[in-house]
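Let me begin by presenting the structure, written as structure tokens, before commenting on it.
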Amino acid sequence: MKPRSISFVAPAYNENASFPELIAELHAVGQKLGIPYEIIIVDDGSTDGSAAQLARIASTDSKVHPIILRRNMGKATALMAGFQHSRGDVVVTLDADLQNDPNEVPKMLERLAQGDADIVSGWKFDRPDHLEKRLPSRFFNYITSHFTQLQLHDFNSGIKAYTRTAAQALDLYGELHRYIPVLASQLGFTIVEVQTHTRERKYGETKYKAKRYLRGFFDLLTILFLTKYSRRPLHLFGGLGALIGGLGMVAVAYLLVVKIFAHQAIGTRPLLTFGVFAILVGLQLFMTGLLAELFVRHSGARQLPIRDEWNAAGPLT
């Protein structure tokens, strides 16, 4: 689809020094495209005076639409806030640290305009990071691609272009922003990649520490569950319950045969303890699946912890 209007969405945490250059670059791209646009910067509970500076900028620039979260909630929640408050029929996300080059946006929009994709994801093929950051990233992308069967080079690229429908359909929390392509694919959207230029960080320090790799592993387990069983949890818990409970029933049935036909005492045999325990665990897993099914059916939309917002009313110009 050829965009008629664009919402630029940039989540930010302690990136105050980058705002003037980021906004100037996005203005230049928006004016070059020649269509209505807005610049949404979501301040994720920064402690460096970002909220005050964004308020000052928004007071003189109606195209800048800051959203201030009440506290640091993480990039996924910041993106959700941007998605929910965007007004363009195409949403372009990029990191506020200036590493994503806004000049790559027209190329991504051209690819989106071909009409065979809902999301165009950037591929940081020339990332300037050190080897200790690139190698874990490559491993993460390989594992994610292998387990999700989605063939992408870069799942966690910050620069992406979405149709409005795709952006509004996502439900992000925690650190699931790493797996946006997987979540979108599970919802039936098509994702394609284009190579994008990546710049070195100019201000501040990276927010990605070593502990993110452990969190990333647990997030991968979460995403595998969400994409396969989030709408049918009984299939997972019920299946495990049936397997474990079935083993327990086989063990108990065997001991009953021994008791009846071989006249052997079974009250003190460890196999009896295992059998009874397995049956109880199987029943508990089955009941957990039923409760999860009820929760899925009755879960509603989440409220985002927004404190302030500017320039949110009216059509895009």
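The values are calculated or read from the model by the stated rules, or taken from the named source; none is laboratory data. These numbers were taken from a predicted model, which means no experiment stands behind them. Ideal geometry is used to build each Cβ from the backbone, glycine not excepted, and the neighbour counts take in all protein chains shown.
Observations on the structure shown:
- Counted residues, the stretch 59-80 - those being under 30 Å from residue 184 (Cβ atoms) and either among the small types (Gly, Ala, Ser) or part of a loop (DSSP other than H, G, I, E, B) (or both): 8
- Selection status of residue 267, in contact with a Phe, Trp or Tyr (Cβ under 6 Å, 6 or more places away or on another chain) and either of a type outside the set (A, V, I, L, M, F, W, C) or at negative phi (or both): no
- Failed condition for residue 105, given (1) crowded, with 24+ Cβ neighbours inside 10 Å; (2) outside any helix (DSSP H, G or I): (2)
- Just one residue in the set 4, 56 is under 18 Å from residue 86 (Cα atoms), more than 24 Å from the chain's Cα centre (by Cα) and not polar (S, T, N, Q); that residue is 4.
- Residue selected from the stretch 263-317 under the condition in contact with a strand residue (DSSP E or B) (Cβ under 8 Å, 6 or more places away or on another chain) and not in a loop (DSSP other than H, G, I, E, B), by the criterion modelled with the lowest pLDDT: 306
- For residue 151: the one exception among (1) part of a loop (DSSP other than H, G, I, E, B); (2) closer than 17 Å to residue 7 by Cβ: (2)
- Restricting the stretch 87-126 to residues that are among the small types (Gly, Ala, Ser) and more than 25 Å from residue 313 (Cα to Cα), the residue that is modelled with the lowest pLDDT: 115
- Residue pairs whose Cβ atoms lie under 7 Å apart, separated by 6 or more positions or on different chains, with the first residue in the stretch 58-78 and closer than 16 Å to residue 30 by Cβ and the second surrounded by fewer than 20 Cβ atoms within 10 Å (Cβ to Cβ) and among the hydroxyl-bearing types (Ser, Thr, Tyr), do not occur.
- Tally, over the stretch 253-275, of residues that are exposed (fewer than 14 other Cβ atoms within 10 Å of the Cβ) and β-branched (Val, Ile, Thr): 4
Yes or no, residue by residue, for (1) in a loop (DSSP other than H, G, I, E, B); (2) in the same structural domain as residue 58 (by TED's automatic domain parsing); (3) modelled with pLDDT of 95 or more; (4) in contact with a Phe, Trp or Tyr (Cβ under 9 Å, 6 or more places away or on another chain):
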{"site": "1", "(1), (2), (3), (4)": "yes, no, no, no"}
{"site": "11", "(1), (2), (3), (4)": "no, yes, yes, no"}
{"site": "17", "(1), (2), (3), (4)": "no, yes, no, yes"}
{"site": "21", "(1), (2), (3), (4)": "no, yes, yes, yes"}
{"site": "25", "(1), (2), (3), (4)": "no, yes, yes, no"}
{"site": "28", "(1), (2), (3), (4)": "no, yes, yes, no"}
{"site": "31", "(1), (2), (3), (4)": "no, yes, yes, yes"}
{"site": "38", "(1), (2), (3), (4)": "no, yes, yes, yes"}
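- For the residues 179, 142, 162, the requirement of being over 25 Å from residue 32 (Cα atoms) and in contact (Cβ under 8 Å) with a residue 40 or more places away in the chain singles out 179.
- Only listed residue being farther than 20 Å from residue 169 by Cα and within 18 Å of the chain's Cα centre (by Cα), chosen from 96, 78: 96
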